[in-house]
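Each remark here refers to the structure printed beneath this line.
The values are calculated or read from the model by the stated rules, or taken from the named source; none is laboratory data. Note that the structure is a prediction, hence the values are computed from the model and not measured. Methodologically, a virtual Cβ is constructed for each residue, glycine included, from the backbone with ideal geometry; neighbour enumeration extends over all protein chains shown.
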């Protein structure tokens with residue numbers, strides 16, 4: 001059965017990855033630009049990594065209102081490395097601000113990349129990335145609202161997601177996993193929505209040269225099965241297909 005095979009494949013893939021060790025509150029990490037960051041309380045944990053509050057290093061402890069988070073994974077894991085490459089190439093603050101100005105947008109729902117590096121702890125190497133902090137995700141809000149959004153809300157969200165897709169496609173990437181739980185509200189302005197989790201992002205057009213499509217059975221159902229495109233990773237239109245499924249759902 002396909003579901004059984006998918007589950008088995010997931011378990012086999014998971015077995016190859018390692019879990020992240022807990023970082024101590026107040027631990028100092030240094031990014032590639034030699035900027036120091038201080039780790040705060042943990043606020044989330046995935047299958048292989050952890051997310052902590054973070055702020056620039058100072059004599060003060062990291063407060064509950066910290067503007068950034070740090071994502072941490074063992075350095076030999078793949079998802080954060082993939083996500084990091086997207087952020088380094090396409091999500092620097094100056095790139096996003098330039099796009100907002102030229103497109104005359106109020107904002108763009110792509111998280112900003114603030115730094116990254118490797119950190120050694122107890123003889124092990126960990127990869128980390130500093131990014132904006134966000135609030136709740138749309139899936140939680142949808143469920144708390146009796147699984148209903150108004151038509152106006154759906155239309156507004158759809159337009160903001162299209163703004164995001166235009167940006168990442170113009171920067172040679174496909175997201176590949178658009179869903180409500182990956183759409184987060186701005187921590188300080190809940191009227192703004194951001195698309196997060198670029199661990200499955202795919203660079204379809206490196207240096208302006210479109211990759212020749214080659215079917216890859218190992219990747220054809222990466223992402224969330226309810227929304228994934230039937231021809232996932234065959235160019236940017238797959239994100240639009242997923243977007244349509246999401247709006248209809």
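Return only the number of the condition from (1) surrounded by fewer than 20 Cβ atoms within 10 Å (Cβ to Cβ); (2) not in a helix (DSSP H, G or I) that residue 100 does not satisfy. For residue 100, the failing item is (2). Residue check: residue 245 meets all listed conditions (1) modelled with pLDDT under 55; (2) assigned to a loop (DSSP other than H, G, I, E, B) but one, namely (2). When 117, 199 are checked against the criterion of being in a loop (DSSP other than H, G, I, E, B), touching a residue at least 24 places away in the same chain (Cβ under 8 Å) and either more than 21 Å from the chain's Cα centre (by Cα) or under 19 Å from residue 71 (Cβ atoms) (or both), a single residue qualifies: 199. Being more than 17 Å from residue 168 (Cβ to Cβ), touching a strand residue (DSSP E or B) at 6+ places or on another chain (Cβ under 8 Å), free of Cβ contacts under 8 Å to residues at least 60 places away in the same chain and not assigned by the TED database to the domain that holds residue 174 is a property that does not hold for residue 60.
Between 165, 155, the distinction of being touching a helix residue (DSSP H, G or I) at 6+ places or on another chain (Cβ under 7 Å) and modelled with pLDDT under 95 belongs to 165 only. Among the candidates 109, 47, 135, the residue that is under 21 Å from the mean Cα position of the chain (by Cα), at pLDDT below 95 and under 23 Å from residue 178 (Cα atoms) is uniquely 47.
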